[in-house]
Amino acid sequence: MRRTPRRSRFCYKAGVELKDITRCPNCGGSDLVYSCEPKCCFNHVCADCRTSFQIVTHKTGRFEREAAIAPSVPVSGDPTTGCALCDSLNLAMVSEGPPVIAVCGDCRAILEVAIEDVSPP
């Protein structure tokens, strides 16, 4: 018996990147700078109000193996986070949220994106 491919549960929006949907948790600004490096942390700073915060991902225990996604590693300085399962930076945003949902391009884990450790100036 031939198996019918299952349809993906996500409506993937090609071209939507983390920088397009992340806002400062303090002032709502979109001019955000990634001020560290992945092997250290995911600290970001808002250029408008100088609030610092971390963009992180949380495991959901689910995987998306069938959706055609186009993950990409962000340009240096753009908002960045890594996969909570395999640490890859190769993520595709599949939902603008809330919550924001990403799929890892390497291990295909479904991840919830969150902002934590908010420190207003």
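Within the range 32-121, which strands (runs of 3 or more DSSP E) (wholly inside it) include 1 or more residues that are aromatic (F, W, Y) and within 22 Å of V16 (Cβ to Cβ)?
On the way: elements: 32-34, 43-46, 52-63, 91-95, 100-104, 109-119.
Hits in the range 32-121: 32-34, 52-63.
From the list A84, A92, which one is of a type in the set (A, V, I, L, M, F, W, C), under 21 Å from C40 (Cβ atoms) and touching a strand residue (DSSP E or B) at 6+ places or on another chain (Cβ under 6 Å)?
A84
Just one of C107, C83 is touching a Cys at 6+ places or on another chain (Cβ under 6 Å) and crowded, with 21+ Cβ neighbours inside 10 Å; which is it? Explain how you work it out, then say what you get.
On the way: C107 fails: crowded, with 21+ Cβ neighbours inside 10 Å.
Exactly one residue qualifies, and that residue is C83.
With respect to V75, is the statement that it is hydrophobic (A, V, I, L, M, F, W, C) and in contact with a Phe, Trp or Tyr (Cβ under 7 Å, 6 or more places away or on another chain) true?
In short, no.
Every read-out reported here was derived from the displayed coordinates using simple, explicitly stated rules and does not represent laboratory data. If you're wondering where the values come from, they're calculated on a predicted model, not measured in any experiment. Don't worry about glycine lacking a Cβ; one is built from the backbone with ideal geometry, like all the others, and counts go over all protein chains shown.
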